Amino acid sequence: MELVRDILDKQLRGRDDEKLGKVDGIVLELRDGKPPRVAFLELGSATFARRIGRRFERWAVALNRRFHMRRARYRIDFGRVRDYDLDVKVDVDAKPSPAWAWERWMRDHIIKRLPFAK
Amino acid sequence: MKRRYLHLELLLGREIVDANGKRVGRIEEAIAQKRDGEWVVTEFLCGRFGAMERFSIHHLGSAIVHLLGATGTSPKAQRIKWDDLDLSDPEHPRLKR
Amino acid sequence: MKRKDLLNLTLGIITSIGGFLEVGSMATSAAAGADFGYKLLWVIVFSTLCLIFLIEMSGRLAAVSKRALADAVRERFGFVFTVIPRLLEVLVNLLVIAAEIGGVCLALKIITGVPVAVWAIPVGLVLWIVVWVGTLEWIENTTAILGLMTIAFVIAAWKLHPDPHEVLRGLIPSRSPHDAARFWFIAVSIAGSTISPYMFHFYSSGAIEEEWDEKSLTSNRMTAILGMGFGCLMSIGVLIVSAVVFAPKGIHVDSYEQLAVVLSPALGRWGFPLFVGSLAVCCFGAAVEIALATSYLLGQTFGWNWSENSEPTKGARFALTYTAVIFGGALIMTTGLDPLKLTMFSMALTAVILPTVIMPFLLLVNDEHYVGEHRSGWIGNTVVFIVVLVASIIAIVAIPLELAGGS
């Protein structure tokens, strides 16, 4: 597996085949005398913002806090990766997950209040 | 025991220097294998041009040259074993030898 | 070819024809004809050639790699790189959609006399309802079929009996006869209106929504060639009509109102309604496409649920993006900005940002990992590379000159 080519920035899909987001980051665990373990996938605005710069990461965190989102980044245990051929499929339900916090907020606070939303 | 974590996506494009301080290249890729039920990084790929994480004119130029008629292969990358790379300071990775 | 495939192909071609002409191509071709006769015809042809290759590439990338353009760019080049083209595109899209909404408002103003700024929000609302409620297929088919009325320009051009030698000479690249800054500004505006990034996002996303695969490659190629080719004829029609009607009298096209009578000499009392109808329908269709393209490109960059065919509750961020884009564009038009000036400027700006969008695209359609054995040929690569690079460089020089000269 080539982590940058096969995992990073790829579309993530949950158990329910819904789109979870993109893999914004990969967290490695460094261990003495052993090869680094691929520990987590990470997604969230803080994660991709940090890739541009620390200042953007701070903005992302502040924005999330302003809208009372619990987290600006979210980790999925790498052990939950089931497949990585076209998209990266993980053993997590998309809809209830924190990765969908903004989607749910916009759906409940804006979309559902408009006519013909369904 | 405190766990030490490192973000791979922030490591990309960082210059690797050898024990003498000479520039070797930039980190482009990490190869992982499944061992004893867990995925571990066995090798890093280090290329002369940074991965597209760092938008480098050199890489784009070279790639464009390959584009006009040539077969699209990227520049040869060096393989570095995991235990040859010192990542104690992730912003300044060094070769151990 | 099976009957169903033939039907799909025909629809695809009609969509391309219908979608080709919009306020950008109309305004830029008309300005070109009025100010420089046939001397800018070659720009339309070269731009269209480049566009044909790019549309084919969009379809091929989607069909083989099963990823739309923005999706593939983020995946292959990483987040940090992709932010640059996407951000630029969103900004330019806002200006262009404002211009398209302005076009619809102008058509309504010509008929009713009510100012553009008043029509902006109502038009925005209708636009939003169409995108909110409609499916991709319905939207494509309706605007495409209505858009066919732009054939009026080709018929008018034919009826005006332009000098064939002059027309053919216009197909050969030439230097500016006078006012070089204006000449090249219009040239890059034509390029920007023809080669619009939003079209590639829309086309490749549509291909994914319709689940194209390797069997779709032939019809993709035919759609690109025939659809864009015929669309190009419409633009040429506008240029020729403008050249015959305005150039000899030294009339510069400064406003759409002036342009409204351009079809009358050739088509009599049908000329005016056909022009107004064409303007309204084409601009409306383009606005829908731009709104959706922006949702597609952001949705694919961030991995949202993105599908026009699903209802808004299933893709809240997708739906809110096009809502913001539509009303953002409408708001811009309430400021009373001149729609024609905005159009010309936003088209030239499109040319400036083209390399950031097209270069990664070119790399993708030559990458085995994405298109397998269906890599691009050297002709396509070379044409696209040169046209895009040249257009961008000229635009960077020409825009400030035009602004300084005062248009």
Q.
What distance in nm separates the two pseudo spin-label positions at C:Gln258 and C:Asp179, each 7 Å out from Cα along the beta-carbon direction?
A. 0.8
Q.
Quick check: pseudo-label points 7 Å beyond the Cα along Cα→Cβ at C:Glu214 and C:Ile386, how many nm apart are they?
A. 3.2
Q) Cross-link partners among aspartates and glutamates for B:Lys22, C-alpha distance below 18 Å, same-chain residues fewer than 8 apart left out? A) B:Asp84, B:Asp86, B:Asp89, B:Glu91
Q: Take A:Phe78, C:Phe385, C:Phe275 and order them by how many other Cβ atoms sit within 10 Å, fewest up front.
A: C:Phe385, A:Phe78, C:Phe275
Q) Karplus couplings for the stretch C:335-347 from phi (6.51 cos²θ - 1.76 cosθ + 1.60, θ = phi - 60°), rounded to Hz, Gly and Pro as x? A) 6, x, 4, 5, x, 5, 5, 4, 4, 4, 5, 5, 5
(Q) Can you find, among A:Trp59, A:Leu30, A:Leu20, the residue sitting farthest towards the positive end of the charge dipole of the stretch A:3-113, where Lys and Arg contribute +1 and Asp and Glu -1 at Cβ? (A) A:Trp59
Q. In peptide A:37-46, what is the residue-averaged number of other protein chain Cβ atoms found within 10 Å of each Cβ?
A. 3
Q: Please name whichever of C:Met57, C:Leu233, C:Ala243 sits farthest to the positive end of the charge dipole of the protein assembly as shown, dipole taken about the Cα centre and charges placed at Cβ: Lys and Arg +1, Asp and Glu -1.
A: C:Met57
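Per residue of C:359-367, count partner chain C-beta atoms within 10 Å of its C-beta, then hand back the mean as an integer. Before the final figure, lay out each step's value.
Details: counts 4, 4, 0, 4, 7, 1, 2, 7, 5.
Mean shielding by partner chains, rounded to a whole number: 4.
With 19 Å as the limit, write out which pairs from C:Lys39/C:Lys341; A:Lys89/B:Lys81; A:Lys34/B:Lys81; A:Lys95/B:Lys34; A:Lys95/C:Lys314; A:Lys10/C:Lys66 have Cα-Cα distances beyond it, or answer none. Could the numbers behind the result be given before it?
Values: C:Lys39/C:Lys341 22 Å; A:Lys89/B:Lys81 28 Å; A:Lys34/B:Lys81 12 Å; A:Lys95/B:Lys34 29 Å; A:Lys95/C:Lys314 10 Å; A:Lys10/C:Lys66 13 Å.
Violating the 19 Å Cα-Cα cut-off are C:Lys39/C:Lys341; A:Lys89/B:Lys81; A:Lys95/B:Lys34.
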Q. Among the aspartates and glutamates, which have Cα under 19 Å from the Cα of A:Lys112 when same-chain residues fewer than 8 positions away are ignored?
A. A:Glu103, C:Glu308, C:Glu311
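Beta carbons within 10 angstrom, averaged per residue: use that to sort the peptides C:223-232, A:103-112, highest first.
On the way: C:223-232: 21.6, A:103-112: 16.5.
With the highest mean Cβ count within 10 Å placed first, the list reads C:223-232, A:103-112.
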Q. Using unit Cβ charges (K, R positive; D, E negative) and no other charged atoms, how large, in debye to the nearest 20, is the dipole of the protein assembly as shown about its Cα centre?
A. 1520
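Once you average over the residues of A:84-95, how many Cβ atoms of partner chains fall within 10 Å of each Cβ?
Details: counts 0, 0, 3, 5, 0, 0, 0, 0, 0, 0, 1, 0.
Taking the mean over all residues of the peptide, I get 1.
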Q: Just need the relative contact order of chain C here, percent rounded to a whole number, with Cα pairs under 8 Å and 6+ apart.
A: 37
Q: With a ≥ b ≥ c taken as the square roots of the eigenvalues of the C-alpha gyration tensor of the stretch A:3-113, please select rounded if a/c is under 1.5 and otherwise prolate if a/b is larger than b/c or oblate if it is not?
A: oblate
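For a protection proxy built on the mean count of beta-carbon atoms within 10 angstrom, sort C:213-221, C:259-267 highest first, please.
On the way: C:213-221: 15.7, C:259-267: 20.0.
The densest-packed peptide leads the list: C:259-267, C:213-221.
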**Q.** Cα-centred dipole magnitude for chain C, charges only on beta-carbon of K, R (+1) and D, E (-1), debye, nearest 20
**A.** 360
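Arrange the peptides B:36-46, C:347-357, C:167-177 so that the one whose residues have, on average, the most other Cβ atoms within 10 Å appears first. Don't skip to the answer; put the middle values down first.
On the way: B:36-46: 17.5, C:347-357: 24.8, C:167-177: 14.1.
Highest mean packing first, the order is C:347-357, B:36-46, C:167-177.
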Q. What residues qualify as long-range amide H neighbours of A:Gly21, i.e. H under 5 Å apart, gap of 5 or more or another chain, H built at 1.01 Å from N?
A. A:Leu12
Q: Considering the options A:Trp105, A:Tyr84, A:Leu8, tell which one lies farthest towards the positive end of the dipole of chain A, charges being +1 on Lys and Arg and -1 on Asp and Glu at the Cβ, about the Cα centre.
A: A:Trp105
Q | For chain C, calculated [θ]222 nm from helices alone, where every DSSP H run of n ≥ 4 adds -39500 (n - 2.57) | A | -26000 deg cm²/dmol
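To one decimal place, what orientation-averaged projected area in nm² is obtained for the convex hull of the Cα set of chain C?
Values: hull surface 74.4 nm².
Convex hull of Cα atoms, orientation-averaged projection: 18.6 nm².
Rule-based calculations on the coordinates, nothing more; no lab input. This one's a predicted model, so the numbers in the text were calculated from it and none came from an experiment. All Cβ positions, glycine included, derive from the backbone under ideal geometry; neighbour counts span all protein chains shown.
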